[in-house]
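Undergrad: I'd like to ask you about the structure that follows.
Each reported figure results from applying straightforward, stated rules to the coordinates on display, with no laboratory input. The shown structure was predicted, so the numbers you read here are calculated from the model rather than taken from an experiment. Here the Cβ positions follow ideal geometry from the backbone for every residue, glycine too, while neighbour counts run over all protein chains shown.
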Amino acid sequence: MAIQPIRIFGDPVLRTPARPVTTFDKELRTLVKDLTDTMLDAPGAGLAAPQLGVSLRVFTYVVDGEIGHLVNPDLSLTDEEQEGPEGCLSLPGLTFDTRRAYGVVARGLNMHGDPVTVEGTQLLARCIQHETDHLDGIIFIDRLDREQRKAALRAIREAEWSGGPAPQVKVSPHSTFGGAR
Ligand code: NI
C-alpha cells in the first residue's frame, strides 16, 4: 500500500494540462498502484495523477466494484446527456449536480503500453469524463452553469481546507528528476 496525500483545489498542478505518458516502466506501474491505493483508501470513484502532484495523463477508477486504470485516454461521448451529483477528492465534502454525456468510449493504454478500450454509461461514463478533465486541468465545477458555479465557489471559499499553501508541480513520477523531461 502506498497511500499518497491528495492535492487540494487551489494547487496549480490541478490547473496544469498533464503530459502524455511516453515511458511504460516500473515508475509508471508504481504511480498506478499509488493512485489505486489512494483512491480506494479515500474512498473515491476515481483519481487522476495530477491529484497526487504528478502531471501525467493517467487515472484510475473503481465503479461497481470494477477497478481499472487508463493511460493517455481519448474519449468519444454520446450526444445523450445525464445530470447527477458529482464530487471530487480535491474538493472534500462538496457535491454539485453536473451535466455529463450519458455514455463514453475511452481509448487509451494500460500501464504496460497495450491498447485498451473502456466503454461505459451512467456512473462509469461520468467518472471517466471527470478524471479525463483532470488531465486537461479542468475541475468539475468548471462544467456547472454560471449560477451553480458561483454557489460552488462560495462553498469552496467557506470550506475549511481552502487557502492552503500551494506545493510544487511535478511532471514525472521519478522523484529524482521531476521536470527533466
Ligand atoms: Ni476529481
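Undergrad: Net charge near Asp136, counting Lys/Arg +1 and Asp/Glu -1 over other residues with Cβ under 15 Å of its Cβ?
TA: +1
Undergrad: Top mean-square fluctuation among Glu83, Glu119, Glu160, Gaussian network model of the chain, C-alpha springs under 10 Å?
TA: For the chain, modelled as a Gaussian network with Cα springs under 10 Å, the answer is Glu160.
Undergrad: While we're here: Choose one answer from Ile139, Ile128, Ile156: the residue with the largest mean-square fluctuation in a GNM of the chain with alpha-carbon springs under 10 Å.
TA: Its mean-square fluctuation being the largest, the pick is Ile156.
Undergrad: Tell me, Thr36, Thr16 in order of fewest to most beta-carbon neighbours within 10 Å?
TA: Placing the least packed residue first, the sequence is Thr16, Thr36.
Undergrad: Would you mind listing how long the chain runs along its three principal axes, going by Cα atoms, in whole Å with the largest first?
TA: That gives 44, 39, 27 Å along the principal axes, largest extent first.
Undergrad: Ranking Arg149, Arg154 by Cβ neighbours within 10 Å, fewest first, what do you get?
TA: Arg154, Arg149
Undergrad: Subtract the Cα-Cα distance of Phe24 and Asp97 from 0.36 nm times their separation in residues, and report this length gain in nm to one decimal.
TA: Stretched fully, the Phe24-Asp97 segment lengthens by 22.6 nm.
Undergrad: Next question, about the same structure. With 10 angstrom as the radius, rank Asp34, Asp41, Asp64 by how many other C-beta atoms surround their C-beta, starting from the fewest.
TA: Ordered from fewest to most neighbouring Cβ atoms within 10 Å, Asp34, Asp41, Asp64 come out as Asp64, Asp41, Asp34.
Undergrad: If you average the C-alpha positions of region 80-147 and of region 1-70 separately, how far apart do those two centres end up, in angstrom?
TA: 14
Undergrad: Now a separate question. What does the helix-only formula give at 222 nm for the chain: each DSSP H stretch with n ≥ 4 adding -39500 (n - 2.57), the total divided by the residues, and the result rounded to the nearest 500 deg cm²/dmol? Could the numbers behind the result be given before it?
TA: Numbers: 3 runs with 43 residues, N = 181.
Value at 222 nm, helices only: -7500 deg cm²/dmol.
Undergrad: Once you've got the GNM for the chain with C-alpha springs shorter than 10 Å, pick whichever of Ala49, Ala151, Ala101 has the biggest mean-square fluctuation.
TA: Ala151
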